[in-house]
1. Express in nm, to one decimal, how much length is gained between ARG22 and SER71 on full extension, taking 0.36 nm for each residue of separation and deducting their alpha carbon distance.
2. So for the pair SER15, ALA114, with labels modelled 7 Å out along Cα→Cβ, what separation do we get in nm?
3. Can you put GLU112, GLU93 in order, fewest other beta carbons within 10 Å first?
Amino acid sequence: MVARLEDKERRRRPSDQELMDRAGELSIKYLDGHAKPSSVRWSTNQGRRWGSCTLLDGSIRISTRVQGMPSWVLDYVLLHELAHLLHAGHGPEFWKILEVYPRTDRARGFLEGASFAQDDPGQITSDDGDD
C-alpha cells in the first residue's frame, strides 16, 4: 500500500527529467513533434503564472504550484508552453494548436478555479493570465 501511494505521489510530482520526457511525448502526440524544448523544469518563482517559456533558447518552466494537480492539467500546461514555442502570442493560431488536446477547456477551468482559490476574489481580472 505504501509503495502504491509513493508511486502515485511520484507521478503527481515528476522530476525535471520526467517533465522533459513528458513534454517530448506530448509534442509528438499532439504537435507532430514540431515543438522541441531545450529544457523543461519546475520553477519556484512563478507566483502568478502556471508556466513560461523563453523563445530564444527554447526553455520551459512550470510553476511548482502545478505539482499535485491532476496529470491532465499538467499536460495542458506543458502543451500550452510547447505551443508558445510555435506561436509566441495568444492569437487564433495559438489556440488552434491547443484544440487538439481533448481536455483543454476542462484544464483551463480547473486552473481558473485554482487561481480563484489562491487569490483575493476582488483581485480577479478578465485577462487569461495562464501563461
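What follows is calculated from the coordinates using simple rules that are stated; it is not laboratory data. Please read these numbers as outputs of a predicted model, since none were measured by experiment. Every residue, glycine among them, receives a Cβ derived from its backbone with ideal geometry; neighbour counts consider all protein chains shown.
1. Working: separation 49, 0.36 × 49 = 17.64 nm, distance 1.04 nm.
Here the answer is 16.6 nm.
2. 2.2 nm
3. On the way: GLU112 14, GLU93 11.
Ascending number of Cβ neighbours within 10 Å: GLU93, GLU112.
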